[in-house]
Amino acid sequence: MTLKVEGDPGYGSASARGRFTDLDGSETVPLLIPETHHQQYVWKPLNKEELEKCAGGPEWKRFRSRLVLCFWIGWLIMLGTAVAIIIQSPRMASPSLQWWQKDVFYRLQPALFMDADSEEVSRISSVRVMLDLCELDLFEQELGNDTEVWSGASDYIQFSLRYWLEYGVSGFGICDTDAAFSAKTLLEWNVLMQEFSSQDDERILMVRQTSNTLPALKVSNITVNGSLVELVTKSLIPPSLHLLSAAEVAGAMEASLQMPQGHWPSWTVGGGVPWELQRAILVLIMTLPGTPVIKYGDEVSPIQKQLNQPLALFQSLIQSRAREEALHCGRFTFLPFNGSMSSSGLNSTDIPPLAYLRSWGCVHFLVLFNLGSEPHTLDPDWAPSLPGDGMFVISTGLDRSGHVSLRSIKMQPHEAIVIKLFESDNSS
């Protein structure tokens, strides 16, 4: 489309506007530019062949190889850093413990001890047995000072000890009030123990301490090198001629838990404990520092028999003690509550709870006891320094599991609970 304008012939001439003037002097000016004069660009993705051609180019190959190299270098740097952090981090070294410092002991009365010729004893296998000779009158008082008769009795005792050692017992226990508790006798017994001991199966002597301190051995004319006994056992609850009340048991427990823990001995129950507290005392014995000594039958309480759970609690304690270092070599911390069992006249409803902590590194086990006959709700602020949460590990009723908040625990009567706590630091 053009617009023709008539006018001065000189207007739009070649001399003035040459390229706008046609031959007849008219001027034509295009008003619209056809779209065909513009080149159109349409985006189109690469097909498979074109993509493979680009990806296989030398520049892309170099880029990919450098990227893979950077990945492996970064991975090795992170791995080396992690290994260095683990090696340099402070760690608590597990102490080297002998078998008698880790195992649980049963107290057995050897009815066949003096029957060396009996053939009715089956050989002991896969169980360590310590024969308890405490309060047995091995050296009869009628012997007096007759050296020849005493020597004969000593030979017979040596023969009997050898008989049991051949059957696989791991050692013998005596009381500190026995006639056998003397330097001369213990030296003779130690010689016999060494004869049957090996690196993997050492035989030991154990002494049950009946007083506050262990009597000194009479070592006149005898040179004693080192200790003559490997294990000293003390009653956690003092022996008594009557069945103790719950308040008396709680008082004895508190006194024992507050004693200095420089050298914990092994523990046995001692006094008569009411049947409703037997499960709690079993938890106590199995979670204290030192070697637990369980009298045969104490691991099965009447309540467990009624629930058809004769060994469930005992087995759970055994497994936890075996796999958790905090329960057999961890630090012990007594945690006092408001109130004390030291005051007289406490009844079963006024007994405050007891608690202590077993710690190893950043892992802590909290052990709680409610020996009273009523449920007890803990004060939310009773232990502000402890972590607020944990996991149930063991309870005397075998009915607690999962997460627990220490600020909301309600303990049942005669209950003991073990809770595993965690902290982020590495303090012991």
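Derived scalar couplings between HN and Hα for the stretch 313-325 equal 5, 4, 5, 5, 5, 4, 5, 5, 5, 6, 9, 10, 4 Hz in order, rounded to whole Hz, by the Karplus curve 6.51 cos²θ - 1.76 cosθ + 1.60 (θ = phi - 60°), x for Gly and Pro. Compared with the direct C-alpha span, the chain from Leu97 to Gln199 gains 35.4 nm at full extension, assuming 0.36 nm per residue. In this structure the amide hydrogen of Glu415, modeled in the peptide plane, comes within under 5 Å of the amide hydrogens of Asn370, none closer than 5 places in sequence on its chain. Scanning residues 5 or more positions from Lys295 or on other chains, those with amide H under 5 Å from its amide H are Arg107, Val269, with H placed 1.01 Å from N in the peptide plane. Distant-in-sequence amide contacts of Asp176, defined by a placed amide H-H separation under 5 Å and a gap of 5 or more residues or a different chain, comprise Arg208, Thr210. Simple spin-label estimate for Thr213 and Trp60 gives 9.0 nm between the two label positions (7 Å along the Cα-to-Cβ direction from each Cα). Evaluate E = 1/(1 + (r/R0)^6) for Leu46 and Trp72, where r is the Cβ-Cβ distance and R0 equals 41 Å; express this FRET efficiency to the nearest 0.05. That gives a FRET efficiency of 0.85. Sequence-ordered 3J(HN,Hα) estimates for the stretch 174-190 from the Karplus curve with 6.51, -1.76 and 1.60 and θ = phi - 60° stand at 9, 9, 6, 9, 6, 5, 6, 7, 9, 4, 4, 5, 5, 5, 5, 5, 5 Hz, glycine and proline given as x. A simple spin-label model places the labels of Leu187 and Ser385 4.8 nm from each other, with each point 7 Å out along Cα-to-Cβ. A full extension of the chain between Phe337 and Ala322 corresponds to an added length of 2.5 nm, given 0.36 nm per residue minus the alpha carbon distance. When each of the peptides 415-422, 377-384, 189-196, 359-366 is scored by the mean number of other C-beta atoms lying within 10 Å of its residues, the order from highest to lowest reads 415-422, 359-366, 189-196, 377-384.
Subtracting the Cα-Cα distance of Ser401 and Met259 from their residue separation scaled by 0.36 nm leaves 47.9 nm. Looking at the stretch 158-252, the accessible area is 50 square angstrom per residue; that uses a 1.4 Å probe and ignores ligands, DNA and RNA.
The values are calculated or read from the model by the stated rules, or taken from the named source; none is laboratory data. Quick caveat, the model's predicted, so the values are computed rather than measured. Quick reminder, even Gly has a Cβ in these numbers, built from the backbone with ideal geometry, and neighbours come from all protein chains shown. With ligands, DNA and RNA removed, areas are computed over all heavy atoms of the protein, side chains included. Shrake-Rupley method; radii C 1.70, N 1.55, O 1.52, S 1.80 Å.
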